[in-house]
1. In the range 7-53, which residue that is without any contact (Cβ under 8 Å) to a residue 12 or more places away in the chain and of a type in the set (A, V, I, L, M) is surrounded by the fewest Cβ atoms within 10 Å (Cβ to Cβ)?
2. For residues in the range 176-199 being within 15 Å of TRP90 (Cβ to Cβ), small (Gly, Ala, Ser) and buried (at least 20 other Cβ atoms within 10 Å of the Cβ), which is modelled with the highest pLDDT?
3. Quick one: PHE77 ticks every box in (1) under 26 Å from TRP197 (Cβ atoms); (2) modelled with pLDDT of 80 or more; (3) surrounded by 22 or more Cβ atoms within 10 Å (Cβ to Cβ) bar one, so which box is it?
4. Could you tell me which residue of the range 165-175 is farthest from PHE13 (Cα to Cα), considering only residues that are exposed (fewer than 15 other Cβ atoms within 10 Å of the Cβ) and modelled with pLDDT of 60 or more?
5. Would you confirm whether or not the range 92-101 contains a residue that is more than 21 Å from the chain's Cα centre (by Cα), under 16 Å from SER179 (Cα atoms), modelled with pLDDT of 65 or more and assigned to a loop (DSSP other than H, G, I, E, B)?
6. Mind checking whether some residue in the range 127-140 is loosely packed, with under 13 Cβ neighbours inside 10 Å, outside any helix (DSSP H, G or I) and modelled with pLDDT of 80 or more?
Amino acid sequence: MLVYLILGITYGFAAAVMPGPLSTYLISQALTNGWRRTLLAAFAPLLSDGPIILLVLLILTRLPLWFEQLLRFSGGFFVLYLAVGAAKAWRVYDQRKALRVESSRQSLVRAATVNLLNPNPYLSWTLVLGPLLLKGWREAPGNGLALLASFYGTMILMMVMIVVLFSAAGNLGPKVNRSLIGVSALALACFGMYQLWLGVTSFWQA
């Protein structure tokens with residue numbers, strides 16, 4: 001069981017700290033709305049990954065390659081939509097403090113949607129976590145549960161830390177806060193374009 005705990009902790013840490021659409025969205029929301037309204041969004045994987053795991057283990061491995069490419073396009077367009085929202089918050093930051101009104105529930109739903117449309121969890125569960133979970137479960141159900149608990153426990157803990165740290169950075173002053181929101185909007189746009197680029201190149205190579 002110890003081996004599966006270590007594997008879960010290691011992969012959960014990497015999944016949280018590696019740049020991606022979900023972590024970038026969390027940073028953007030922490031800067032715009034503060035940690036109290038964003039903290040719940042750090043638990044989005046618990047809401048979104050259940051369907052992802054079932055889909056990967058039961059269906060996704062039997063579908064053609066174009067489905068993965070379609071996910072890249074969908075995720076890219078949705079992240080670009082989030083980038084537009086962050087850009088609007090940056091543009092009117094000084095005039096409209098009411099931008100800090102997105103509720104915790106709205107933030108959680110959007111973060112879960114980002115994760116559902118991001119192909120990385122599908123690929124991770126298909127290539128890494130899925131086989132490990134099945135192997136551990138066959139050896140002993142406790143091994144599979146240990147992998148799940150350590151992976152999600154570590155990933156969510158790291159995401160909570162990211163939200164709190166970047167929210168604290170937003171207290172440095174209105175000008176710095178506005179600049180950080182602009183940076184988060186740019187980062188979201190870059191990730192969205194990157195997702196679309198991956199989709200285009202995968203279609204081109206197919």
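1. Per the stated criteria, the residue is MET18.
2. It comes out as ALA185.
3. (3)
4. LYS175
5. Yes - at least one qualifying residue is present in the range 92-101.
6. yes
The values are calculated or read from the model by the stated rules, or taken from the named source; none is laboratory data. Please read these numbers as outputs of a predicted model, since none were measured by experiment. Here the Cβ is made from the backbone with ideal geometry for all residues, glycine too, and neighbour counts use every protein chain on show.
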